[in-house]
Every structure is written in structure tokens, then in C-alpha cells.
Amino acid sequence: MSFNTGLSGLRAASVDLDVTGNNIANASTVGFKGSRVQFGDLYASGFLGGGSNPVGDGVNVLGVKQGFGQGNISFTDNGLDLAINGNGFFMLNNGGEVRYSRAGQFGINKDGFVVNNQNMRVQGYQADNDGNLSGVRGDLQIDSSNLAPQRTTNLTSDLNLDSREQVLERRTFVLGEVGQTEIGAGATAFNAEMVFLNYGDGSTAQVQINANSSAADVVAQLGQGKGVSASATTEMTMPGGLNDAFVQAAGFSFELRVEGVTVPVDTSGVNDLSSLADAINNSSSTSVSASVVSNQLRVVDNRGHTLEVEFYDTDPSTAQTETQVGTVRVQTTSEVTGFASYQGVNPDPSTAGAGLFQAAWDDGTLQVANQFNPQDQRTYNHATSTTIYDSLGNPHVLTQYFVKNEAPGNGVGVSQWSVYLQVDGEYVGNTGQTPQVARFNQDGSLQSVNGDVNGEIVIGDWTPKDPAGMPNGADGPPPAGVAVVTPIPDPPVSSAFVINLGETTQYGSSFGVNDQRQNGYTTGRLSGLDVSDEGVLFARYTNGQSQALGQVALASFNNVDGLSPIGDTSWVETFASGQAIIGQPGTGTLGAIKSSSVEESNVDLSAELVNLIIAQRNYQANAKTIETSDAVTQTIINLR
């Protein structure tokens, strides 16, 4: 009995030595999990009950159990070295067999697959060409080909325009002239007319032009309208019959009336047209002047009063009378956005006919003082540039210019800026003719851009060109008649893109570019790889872009002790372990990924050396048991 007991102890101690030695041998093996031996005592037993002998029969090795506790994480210089901080195993494809490992020493083989040192392929979730991760699991592969260029279809600008800036550009609308030709030959005054003014803030105003008004009266009446300025001049040229010979007649008489009031003109010394002009200039009227042009007398009233001249040579019954109504010229500032007029006194606009000043508005022209010039920094308040890309990946410089305008309407609660756009020095967005108009609320937030509350500017007239100014072969503007919709559909088929100023503000602080993002880029070569804590593999390219190529998959088990070790620091699934539960790092009970790191062996070398001494003592003690039993047996044999 004692021989068997000692022999079982030797076997158990030998196994303990083997396990301890294996732990010590793998103390520096990445991802290794240390083992320990579990022992049980032996007793003789019957078929239906326990044995009657209380003396034990030795020791039995119940099993060798691995400890899956976390090992220390150490950093490396390989970006594809991965460590699991927490639960889970890497999944490895070994020629169709799935193995599980904590050893994350990975690299890339000649085909671009992520593999370990035994050329087993790492399993993970695939990504499409746009970097979107899917739920499809397979071998992770790094695509080392160049990243295709992407044209710019959206640019978001987050800017602050300084509300303290002064207006550099004054925009006025000059109406067509209204005078004798418009009111009709022979007419001596303007008819009654109601003028309606519309302002950018939505307010309106009315101005009444009274019946029988002179041009000077009309100027005074229109001047009551906010944002409206007017002037008038009356020019009268005498008929050719009033010449030097006519003036020299003995009974010559000349009378000048301004607004029906006679202006005294001394004709006693007049002997030709020039002396008559001098006499008019020497009269008491401060608004009337005269001159001789092409042998004709020309009389001008610089305030637009109605002029009337009556003259004869010898017979008063042959007197000739000339009447001239002044010509009105009107200008409106940029705050006046609409102008209409109707004939009659207090007319109903739905029934009255259009007035003379409505027609003048229709014939008007826009005039800009200190007009915007991108070459002259004095003509714009702010500017910012960014790089955009065409369909071939060629870079182009987009510059946004901002010019502060006069506040529309009454200037309360709204501010206005003009926006000019250029790509490589050429206007886009039709801003060469008419700038985009950005309006801001009283709190500094953007109200609209050309009426669009989202602040979007659609650029549909850009033709990408090379440095010589010729089209470079990239996609150009959409065909005529094809509207550009936002957002730009994918894939884009033209050079159209959208500028979004929705985040732009107008505060009382310096101009600043808070953020400016566009979604285009040129072609790029693979320059490096990064792995996130979620196990996502990001490829970095020389064009500054990064794109997800895939995501490492992790597996966990309900019973990790049931896994079967098969060498190469890997395990396989067994019936006892249960099926693998597969997921993304950081989800469920799965741990996070640490890149450029490996998990060291969880073997405590100091403890293992102590265990080695204990196993040695156990072995020696059990050998002593056998030695003692042998001595006792020999004593019995020696009896006679």
C-alpha cells in the first residue's frame, strides 16, 4: 500500500514540476496564460459504498487548469501589435480552422492580409469603399492601393463677420428720367400719382404726388420717402425764330415766368441773344441761368421749376409763348427693394393704371459707389480662402469676399452683407454680376442668404481650369436647364457644389474663421495605419485623409476553462467551452483594444520559483516514503 501511495505522490509531484516548468519556460511568451495543477486524494471504495479502510490510497491529478487573468500590457513600435484590455480572444483563420488567441503580434503578409507569426489570418468586420463598416466577418485585409480623389460637393463655413465694420460699398438704384416727354407735350404740370415703397425689412411706405405739381414740387414730395432722393432740372431751348435780328427789333419784348411768377428781366440794353442771356443771368432769380448754344437761347432752372417765356418783336398780338416742365431724376438706396406708382389721387392699386414713376423704376439701373474689386482690399471688409477639388483631384482655391452693405429698411433688427465668390480668380455663383446677399438678425445669427434660411449657396457655373486658364478635363457645370438639387446626389456628375453659411454669425468681435470643412480631396498613397480602442483599422494617406478598412472581431465564451490549448499560444472551441460569442471590441463583456501594445504572459515568475521548490520537496518526500517502505519490507524479508 505504502509503495502505491508514494508512487502516486511521485507522479503528482512530477506533473506539478512539469506544469511549473512550463509556466517558467513561457514567462516571456506574449499572450501566454499560466496553468496550475489540481490534486485530489484517493481512497479505496466498494461498488455501492465507501471503503472501510480509513487510510488513503495516495494522490490523484484531477486536472491542469489555466488562469485567464489579465497580463501586463507593454508598448511596442509596431502599430499592428494589439493587446486586449479585458475579456475576449482574437479570432484567427488557420486554413479554415478557427483558433482563438490573446497573442496580438500581427503584421501584413504579401497579399495584404493581417496575420500572426504563424501566418494565421486575423478575423474582423469588412468595410466598403467609403469606409463604412458592415456586419460581414472575414479575413482583415489592408488595401495598399492609392485612394481615389473625391470632388468637392459641400463646403461648410463657420465664420464671424465683425458687426463693427463700416459700409464700404454704397449701392443705389437710379430710375429713368420723368419730364415733359413722359407727361406729354403741352402739359404744364405733373398729374396726381401715388408712389408705394417696399423695404427689405418688410415695411412699406406711401408718397403722394399732388396734381398740378412742378418738377420741384415732385422732388420735395418724393424726398419724404425714406431711402429716396430726387433732383430736378428744367431746360428750355428757344425756337430758332428768336435770333439776333428778332431781338434787335424796335418793339422787342421778353418776359420770363418761374412757376407763374414773372422774373424782371431788363431788356433795355439787349441787342443780341448773348446780351439777352446776360440780362436773364442778372435778374433777381437765383435758380435761373441762360446761355447761347448753337445760336439758340437756352434757359435752365436748376431746381426744376416750370419755366414759361413770352416774347414778341413789334406786335403784342404775335407774341409766342413757350412752357417747359422740369425733368425729375430719382435714386433709391439698397434698403428700397420695391417701387410702384399708380395714377390718380389715392387710387386703388387694383384698378388704377401704372404711374410714370413705375415705368421709370422699370427703366432704372443699379449703380455702385466704391464698387467691389478683389484686387483692391479697400473695397471689401473680409475675405477667406480654402482649397476645393475637381473630379480629377486637382486643387483649386475658392475665395469668399464679404462686403458690408447699408442696413435694409429702417436698419432695426437686420444687417446685410454682400458675398462675392471666386475660384482661381474667376467669379462663380453669378457673383460677378449680382452678389449673394446675407442677412443677419438682431442677435447676430444668420437670417438668410438670398432668401434661403439654411444659408446655402449653390454653385452651378464653375468650369475647372488648368493654370493656363483652359478647361482641364474634369467634370464641368451641369447642362443648361438642369437644376442643381441639394444635397448633391452621390455619385456627383458635375462640378456643382454647395457652400453652407448656416453657422456664420455677425457679432461685435474681430473677423474669424471658426471652422471651414469641405468634403473633397486629391489622390493619396497609404502612409500608415492606426487602430482605435474599438479595434477599427484606419488607413492614413498622404493627402491627409483617413479611412476605415475594417474592424477586429473578438470572441468570448461562457466557460473559458473549457477551451482546449493546441499550442502556438492559441485555443480551440470545445463542447465544454460552449460556442463563441462574437462581437466588436468594447461591446458587451468584450474588452478594448490597445494598439502598439502586446499582452505579456500572466505568469508570476517569483511565485513559480517558489512553487518549483515546493514541488521538488514534495517529490523528495514521496521518494522517501518509498524508501522507507522498502526498508521495512527488507526487514521482514530478513526474518528467519
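The values are calculated or read from the model by the stated rules, or taken from the named source; none is laboratory data. In this text, all values refer to a predicted model and were calculated from it rather than measured experimentally. Every residue, glycine among them, receives a Cβ derived from its backbone with ideal geometry; neighbour counts consider all protein chains shown.
Among the residues of segment 190-220, those identified as under 30 Å from Y380 (Cα atoms), touching a strand residue (DSSP E or B) at 6+ places or on another chain (Cβ under 7 Å) and not in a strand (DSSP E or B) are G200, D201.
Yes or no, residue by residue, for (1) modelled with pLDDT of 95 or more; (2) in a strand (DSSP E or B); (3) more than 20 Å from A496 (Cα to Cα):
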residue	(1), (2), (3)
Q367	no, yes, yes
F372	no, no, yes
L392	yes, no, no
P408	no, no, yes
S415	no, yes, yes
V419	yes, yes, no
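Here the condition is being among the β-branched types (V, I, T), crowded, with 19+ Cβ neighbours inside 10 Å and assigned by TED's automatic domain parsing to the domain that holds N514; of V403, V336, it holds for V403 alone.
Test F190 against the stated conditions and say whether it is surrounded by fewer than 21 Cβ atoms within 10 Å (Cβ to Cβ) and touching a residue at least 60 places away in the same chain (Cβ under 8 Å). No. When segment 16-36 is filtered for residues that are hydrophobic (A, V, I, L, M, F, W, C) and either surrounded by fewer than 19 Cβ atoms within 10 Å (Cβ to Cβ) or assigned to a helix (DSSP H, G or I) (or both), the ones remaining, listed by number, are L17, V19, I24, A25, A27. Select from segment 493-513 the residues that are farther than 17 Å from H382 by Cα and hydroxyl-bearing (S, T, Y) and write down the one among them that is surrounded by the most Cβ atoms within 10 Å (Cβ to Cβ). By that ranking, first place goes to S495. Based on what the data block shows, is G251 closer than 17 Å to E235 by Cα and either in contact (Cβ under 8 Å) with a residue 40 or more places away in the chain or not assigned by TED's automatic domain parsing to the domain that holds E322 (or both)? No, not satisfied.
Of the residues in segment 212-229, not one is under 24 Å from T321 (Cα atoms), in contact with an Asp or Glu (Cβ under 9 Å, 6 or more places away or on another chain) and surrounded by fewer than 16 Cβ atoms within 10 Å (Cβ to Cβ).
When the residues of segment 241-253 are filtered to those that are loosely packed, with under 15 Cβ neighbours inside 10 Å and within 21 Å of T323 (Cβ to Cβ), the one that is nearest to the chain's Cα centre (by Cα) is G241. Only residues that are aliphatic (A, V, I, L, M) and within 23 Å of E165 (Cα to Cα): list them for segment 399-426, please. The answer is V403, A407, V412, V414, V419, L421.
Evaluating D348 against the criteria (1) modelled with pLDDT under 85; (2) of a type in the set (D, E); (3) outside the structural domain of Q208 (by TED's automatic domain parsing) leaves one unmet condition, (3).
Screening the candidates N559, N611, N602, N618 for the property of being surrounded by 12 or more Cβ atoms within 10 Å (Cβ to Cβ) and under 53 Å from the mean Cα position of the chain (by Cα) yields one hit, N602. Of the conditions (1) touching a strand residue (DSSP E or B) at 6+ places or on another chain (Cβ under 7 Å); (2) loosely packed, with under 14 Cβ neighbours inside 10 Å; (3) in the same structural domain as S415 (by TED's automatic domain parsing), R164 satisfies every one except a single condition; which number is it? Failing condition for R164: (1). Hey, any hits in segment 567-577 for a residue that's touching a Phe, Trp or Tyr at 6+ places or on another chain (Cβ under 9 Å) and farther than 30 Å from F106 by Cβ? The answer is no; no qualifying residue exists. Does G588 satisfy the condition of being within 50 Å of the chain's Cα centre (by Cα) and surrounded by fewer than 16 Cβ atoms within 10 Å (Cβ to Cβ)? The answer is yes for G588. Listed here are the strands (runs of 3 or more DSSP E) enclosed by segment 443-518 that have at least 1 residues being of a type in the set (V, I, T) and farther than 17 Å from Q400 by Cβ, and there are none.
Let's see how each residue does on (1) of a type in the set (A, V, I, L, M); (2) surrounded by fewer than 19 Cβ atoms within 10 Å (Cβ to Cβ):
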| position | (1), (2) |
| --- | --- |
| P239 | no, yes |
| D266 | no, yes |
| V292 | yes, yes |
| F311 | no, no |
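If you scan segment 146-189, which residues turn out to be charged (D, E, K, R), assigned to a loop (DSSP other than H, G, I, E, B) and under 29 Å from Q367 (Cβ atoms)? Within segment 146-189, D162, R164, E165, E169, E177 meet the criteria.
Residues of segment 540-556 being surrounded by fewer than 16 Cβ atoms within 10 Å (Cβ to Cβ) and at pLDDT 95 or above, which ones? Hits for segment 540-556: nothing passes.
Taken over segment 539-567, the criterion of being over 26 Å from Q118 (Cβ atoms) and part of a strand (DSSP E or B) is satisfied by R540, Y541, S546, Q547, A548. The residues of segment 123-145 that are part of a loop (DSSP other than H, G, I, E, B) and either aliphatic (A, V, I, L, M) or within 30 Å of Q358 (Cα to Cα) (or both), listed by number, are L140, I142.
Being in contact with a helix residue (DSSP H, G or I) (Cβ under 9 Å, 6 or more places away or on another chain) and outside any loop (DSSP other than H, G, I, E, B) is the filter here; which residues of segment 568-606 pass it? Correct list: W571, L605.
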